[in-house]
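The values are calculated or read from the model by the stated rules, or taken from the named source; none is laboratory data. Keep in mind that this is a model prediction, so the values were computed, not measured. Every residue, glycine as well, gets a Cβ built from its backbone with ideal geometry; the counts of neighbours run over all protein chains shown.
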């Protein structure tokens, strides 16, 4: 009897072992479990996006960020990375030194900036508007002579212009910046700027200061003001509004050029982004944001 029971137990053990070995949960060579989760395997095979590096001047950064966002939504294989906004000259030098693929610039290539391997094309124009802090009430329009008086320091109080009894705070840009060059060309002439003016290197700094400084005045991008809904008071100059329509008609003179510079032999990823920048789709997008696309 004992022998029979032992034989029976041995048989049960063998059946149990055989059953375990046939289980699909065992990781056998060549089995699905030994190869890992298929979805994880597919994810590991997805290539990282190709990087296109952009160095934009402070005046062109918003325009290029808008275009980059739209392009990346269409093309998931490319990622646009931005360097810190700087002056146009620095951005152009970065392309020439192969540190970035595209530069945003508020001026065409100068002879001294071109190493023979670069090319420039204008993307759009942007009206440069003069605006005041929201605390400046009663002042909606300035003549050329009045604007010259403010920037030179000849006019120092808003009450002289029908505004509040408060000292005018002039927020200005460096002389070599596109905004200041436009102001000089069309309104200020060679009139020296008051020593009391606060000089701000980047346009973003000027916009922030204009929002936060009571009784201040400054000039910045009209498109930026529309896109970001900046709570300031835009001014008419010689009774002309800084609008896209007036910019197109030529009745508002202060239009800032916004273009890009890239290598004549770009990578395929860079070429794809450049092609999109000058596409009808991008033109329509920029128009909706308050820019004036270039032909």
message: Given the condition touching a strand residue (DSSP E or B) at 6+ places or on another chain (Cβ under 8 Å), outside any helix (DSSP H, G or I), within 30 Å of residue 205 (Cβ to Cβ) and modelled with pLDDT under 95, answer yes or no: does some residue in the range 32-52 qualify?
response: no
- request: Find the residue count for the range 245-254, including only residues that are surrounded by fewer than 21 Cβ atoms within 10 Å (Cβ to Cβ), touching a residue at least 24 places away in the same chain (Cβ under 8 Å) and over 18 Å from residue 140 (Cβ atoms).
  value: 2
message: Can you tell me which of (1) farther than 24 Å from residue 171 by Cα; (2) in a helix (DSSP H, G or I); (3) over 21 Å from the mean Cα position of the chain (by Cα) is the one residue 147 doesn't meet?
response: (1)
- prompt: In this structure, does residue 121 turn out to be assigned by TED's automatic domain parsing to the domain that holds residue 91 and at pLDDT 95 or above?
  reply: yes
- prompt: So residue 115 fits all but one of (1) assigned by TED's automatic domain parsing to the domain that holds residue 234; (2) in contact with a helix residue (DSSP H, G or I) (Cβ under 8 Å, 6 or more places away or on another chain); what number is the exception?
  reply: (1)
